[in-house]
């Protein structure tokens, strides 16, 4: 109970006003930080599942536009970026961050349209894996690189015609991985230059501007359909706003190294989400490839500290 809700003995009890922020804070405090990370992972992958299910009505770029526009509107209202007083270096970092975010989402959703969810996420995880290995500089990390590379080799459609896995899908996922690595590196610079979440808010707005031309042109009038807007809003909340808020709270209460170890489970969670939401049944070879990436990411994260 807050201090405002306390009352004297002669007065009848009257509950004070309930603050949504206080309720969310109390709810998050009741969940252990490891549980928060798993909830964030689940939220992202459920959002990706709903997004892919929407591909039957909209193109991937149009879905990306709905997702980023939702995140930009909400984050812009919560953490309005301040443009006054920005140096050229600040502006350049913010623009680069936003462009990277936009290209990362576009390429990942294009990969998602061509690959099962678990496989697309597994390949995309090569980005943070590369950052972790570069930060560690230990010989053992060569093993993790080789293991992750083996996973990609297992996924590649060598000499076989298949509709499940395509070279174009792998290429888009690799572009998303490179953008994710750049996103991680740029986030450190943006975090130093912008207070709180204002840097991410500015990046979301810039990325929305980047993806708007291709998203609106491909989506057209379908973007205005109420059911599409509703699903797009849900995708934006599940994929951006909710997990970002949960991850911030988890990072406040746990070491970054432990956070990274838990995040290495995301490709496996993506594969399970694809199975439950979309009915994507992975073959044994594909599960082995996902497992290689998960183990490699876990090992690299542990060794990098």
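Tabulated results
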| read-out | value |
| --- | --- |
| Scope region 240-264; condition touching a residue at least 12 places away in the same chain (Cβ under 8 Å), in a helix (DSSP H, G or I) and farther than 26 Å from residue 82 by Cβ; matching residues | 250, 253, 257, 258, 259, 260, 261, 262, 263 |
| Total residues in region 51-70, condition assigned to a helix (DSSP H, G or I) and either out of contact with any helix residue (DSSP H, G or I) (no Cβ under 6 Å at 6 or more places or on another chain) or surrounded by fewer than 19 Cβ atoms within 10 Å (Cβ to Cβ) (or both) | 3 |
| Lone qualifier among 151, 130 - being part of a helix (DSSP H, G or I), more than 20 Å from the chain's Cα centre (by Cα) and at pLDDT below 85 | 151 |
| Residue count for region 190-205, restricted to those that are touching a helix residue (DSSP H, G or I) at 6+ places or on another chain (Cβ under 8 Å), surrounded by fewer than 22 Cβ atoms within 10 Å (Cβ to Cβ) and farther than 14 Å from residue 82 by Cβ | 1 |
| Among (1) modelled with pLDDT under 85; (2) within 23 Å of residue 75 (Cα to Cα); (3) surrounded by fewer than 18 Cβ atoms within 10 Å (Cβ to Cβ); (4) touching a helix residue (DSSP H, G or I) at 6+ places or on another chain (Cβ under 8 Å) - the single one residue 305 does not satisfy | (2) |
| Checking residue 73 against (1) part of a helix (DSSP H, G or I); (2) in contact (Cβ under 8 Å) with a residue 12 or more places away in the chain, the condition it does not meet | (2) |
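The values are calculated or read from the model by the stated rules, or taken from the named source; none is laboratory data. Given the structure is predicted, the values throughout are model-derived calculations rather than measurements. Heads up, the Cβs are rebuilt from the backbone with ideal geometry, glycines too, and the neighbour counts pull from every protein chain shown.
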